[in-house]
Amino acid sequence: MSQIEQLRISGQLPSPKGVALAIMKISRREDATLDELARVVQTDPALSSRLLRLANAAACAGRPVASIREAVLRLGMAAVIQLAMGFSLVDQYPSGACSAFDYPGFWSHSLFMAVASRELGRTVRVSSPDELFACGLLAQIGSLALVTAYPADYAALTAVPRHGVALLELERERLGIDHTELTAAIMTDCGIPKSLAEPVYYHESPETSGFLAGSRPDQLAHLFFQARRMADLGGSPAAERHSGISEVMLLGGRIGLDATAIGEVFDRVVQQWQEWAELLKVPASQLPSFKAMAIAPPPRPAQEARTTQTRKVVLLVEDEPTTRIMTEGLLCHLLGCTVHTAENGQAALALALEVMPQIVITDWLMPVMDGLEFCRALRATDWGQSMYVIMLTGEETDEKIIEAFEAGVDDYVIKPISPRALSARMRAALHYVQLLGAWENDRAQLKQFAADLAISNRRLEYAAMTDLLTQLPNRRAGMEALGSYWSASRRTGQPMAALMIDVDLFKSINDRHGHAVGDRVLQAVARAIQAAARKDDSVSRIGGEEFLLVCHDADHRAALLAAERLRRMVKALKICVAGVDVPASVSIGVANREASMENEDDLLRAADKALYAAKNAGRDRVCLFTNGKTLGA
């Protein structure tokens, strides 16, 4: 028995109760009706008001929904069942036994993700927005399940901060199961179909799903991923919003939303999130508009920040030992920096290349290479231009200070060094370093966005010119190739031929064996045509069961030989589906470019006439149209 089954039997998994449980039982009956479902919903005023709100939101500018029956009708049975399950769990678990788990924060984040999923669904249009709302609400329910089943163990687990794949591995190591597995199980229990539950399962890392790029499951997994990132941004403190804003804008670009459009979506989500939070009695903070957050500058570094993760690398260049030791101690112990030291500019230049400091503090007067020479040499390199340089000097005349700044110094401190003065200069330096880091991060994201956009454009171009079933060029691509071959033939005087190919009795194949088998036949014929075509010939599916093969440098004889070879290849195909052999054959019409033809459309019409002659003559044959006449091969 699996661990999930054990948790189900023991009653430790979060599950619906009350009216939601009654709704679930109704849904399992084949004779369940919407009227019966509406009557049960009406017995729960809280659930009724929530469904009415959703139904009216779905109605947009239409007539307001006033009755529960109409709300159920508008939302649909599947959405009502899923929403009832989700709302039931929100009501049951406002708190719990694990003191280390933030229950209100969990539901606040889940609610934000639910609203974001619905709003993004209205843009992408891959599923019902109300079903996406339910999926977003339950997308992290597995974490609540782990907390409910193993409160003490989960509290110990939270002492080791992990995220993403590392968190899943830690959960499996400590608890024997991870939250994504439990999410999938609970969503199945709540009646959410696999077509939605599976993308939710992979939404934390969509790239690991194995879904075909651009397919519906892939779009859904990325939609839930983006909704989660929006929820992360909605719940983050002001100091952490800058990077979140950039990521949300980047993700918005991938679904065709520019910064303004994704901002409008985010602001709508925030407003609805706050309204739903009041209805469900979960916390929701006040947030500035997306535009206001986007233009807000990164926060200045906190004066007391001393964590190892934020330690800045400083290069201290000072030839006088006492000053060097004192300054190094101040930077290390009071300001929390990692300090490397050198005694002159020449040694410092070599060390700077090795440790790549973010801040350089250098004395002016030193042997071998003084501070000004060192600063000029540093600024002459690509890697040294962005380092923040503070000069230590005993002189404060205007001429000396101007000389220092012209050499590339950013700031200066008068010797003997005052700890307060150095601390103040270092705060400015740290702020510069943070701004520089944010700028570099934004630049990296813009590069990634440009790369993603280029990939998306190539995929769109491919999709626009490709038949998805056979992976051959589609009619549009085939007509473009025909026009190109026609122009080349007229320019060079070389012959060309068009072969119109039609799968015989294809409707009968569909009627007898089903459309899935018909698709297999088309795929097999497409592969045969590709195999028969020469490297520079053009093959395309131009509609239904019709294909077009355009051959360059092919006269009547060569075109007829190619058509006959292809006909025999298709005739010899062994297409077996579920133990049933499905015979296939094709009729082919051949035409060559002739002097009397004005354009490629005339050539296509001639090949089409030959094709109809082949079909009327009994199918599974080749006919040629030439000089206004149709001839059998």
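So if I average 1/r over every pair of distinct C-alpha atoms in the range 424-513 and take the inverse, what Kirkwood radius in Å does that give? Before the final figure, lay out the partial values.
Numbers: mean 1/r = 0.0525 Å⁻¹.
Computed over the range 424-513, the radius equals 19.0 Å.
Take the Cα of Ser195, step 7 Å toward its Cβ, do the same at Ala46, and the gap between the two points is 3.2 nm.
Sequence-distant contacts, meaning Cα pairs under 8 Å at least 6 residues apart, place the relative contact order of the range 211-276 at 22 percent. Look at the alpha carbon pairs under 8 Å that are at least 6 residues apart: their mean separation over the length of the range 1-133 gives a relative contact order of 22 percent. Evaluated on the range 1-112, the Kirkwood hydrodynamic radius is 15.6 Å, with distances taken between all distinct Cα atoms.
For the chain, the relative contact order is 7 percent, taking Cα pairs closer than 8 Å that sit 6 or more residues apart in sequence and dividing their mean separation by the residue count.
Judged by the ratio a/c of the largest to the smallest principal axis of the C-alpha gyration tensor, the range 486-539 counts as prolate, that ratio being 1.5 or greater while a/b is larger than b/c. Roughly how many Å is it from the Cα centre of the range 382-458 to that of the range 12-46, as a whole number? Cα centroid of the range 382-458 versus Cα centroid of the range 12-46: 62 Å apart. Annotation: Cα Rg of the range 93-215 relative to the compact-globule expectation 2.2 N^0.38 Å equals 1.08. Note on Leu351/Asp102: beta-carbon distance plugged into 1/(1 + (r/R0)^6) with R0 of 45 Å gives a FRET efficiency of 0.45. Taking the longest Cα principal axis of the chain as reference, the axis of helix 600-616 is set at about 50 degrees.
Could you calculate the FRET efficiency of Lys291 with Ala438 from 1/(1 + (r/R0)^6), where r is the beta carbon distance between them and R0 is 25 Å, rounded to 0.05?
On the way: r = 18 Å, r/R0 = 0.71.
Efficiency, from the Cβ-Cβ distance: 0.90.
To test your reading of the geometry: what angle, between 0 and 90 degrees and rounded to tens, separates the Cα axis of helix 103-124 from the longest principal axis of the chain? Here the helix axis deviates by roughly 40 degrees. In the calculated pair-distance distribution of the range 443-573, the portion above 20 angstrom amounts to 54 percent of the Cα-Cα pairs. Shape analysis of the range 312-427 yields a ratio of the Cα radius of gyration to the Kirkwood radius, Rg/Rh, of 0.92. Remark: the Ser95-Arg254 segment gains 53.5 nm on full extension, using 0.36 nm per residue and subtracting the alpha carbon distance. The label point for Glu461 and the one for Leu561, both projected 7 Å from the Cα toward the Cβ, are 3.7 nm apart.
What shape does the range 203-245 take by its C-alpha gyration tensor, where a ≥ b ≥ c are the square roots of the eigenvalues and a/c under 1.5 counts as rounded, a/b above b/c as prolate, and the rest as oblate?
On the way: a/c = 3.63, a/b = 3.08, b/c = 1.18.
Because a/c hits 1.5 or more and a/b exceeds b/c, the range 203-245 counts as prolate.
The trypsin sites (Lys or Arg not before Pro) found in the range 119-173 that occupy coil by DSSP, while having at most 16 further C-beta atoms within 10 Å, are Arg125, Arg162. For the pairs Lys17/Lys281; Lys194/Lys571; Lys194/Lys574; Lys194/Lys507; Lys535/Lys615, flag any whose C-alpha to C-alpha distance is greater than 30 Å. Too far apart for the 30 Å limit: Lys194/Lys571; Lys194/Lys574; Lys194/Lys507. Taking a straight line from the alpha carbon of Lys25, these aspartates and glutamates sit under 14 Å away, with near neighbours fewer than eight places off in the same chain left out: Glu36, Asp189. Straightening the chain between Ala595 and Arg490 buys 36.9 nm, computed as 0.36 nm per residue apart minus the Cα-Cα spacing. Within the chain, antiparallel bridges make up roughly 55 percent of the DSSP beta bridges whose residues both belong there. Between Asn56 and Asp519, the simple spin-label model (points 7 angstrom out along Cα→Cβ) gives 4.3 nm. With coordinates expressed along the principal axes, the C-alpha atoms belonging to the range 162-268 extend over 43, 33, 25 Å, beginning with the largest.
The phi torsions of the range 166-181, fed into the Karplus equation with coefficients 6.51, -1.76 and 1.60 and a -60° offset, translate into couplings of 4, 5, 4, 5, 5, 4, 5, 5, 8, 10, x, 7, 10, 5, 5, 5 Hz, rounded to whole numbers, with Gly and Pro shown as x. By the gyration tensor of its Cα atoms, with a ≥ b ≥ c the square roots of the eigenvalues, what is the shape of the chain: rounded for a/c under 1.5, prolate for a/b over b/c, or oblate? It is oblate, given that a/c is not under 1.5 and a/b is not larger than b/c. Principal-axis analysis of the Cα atoms of the chain puts helix 129-138 at an angle of about 50° to the longest axis.
Bear in mind these aren't lab numbers, they're just calculated from the coordinates by the rules spelled out. Everything numeric here is computed off the predicted structure, so don't read it as measured data. Methodologically, a virtual Cβ is constructed for each residue, glycine included, from the backbone with ideal geometry; neighbour enumeration extends over all protein chains shown.
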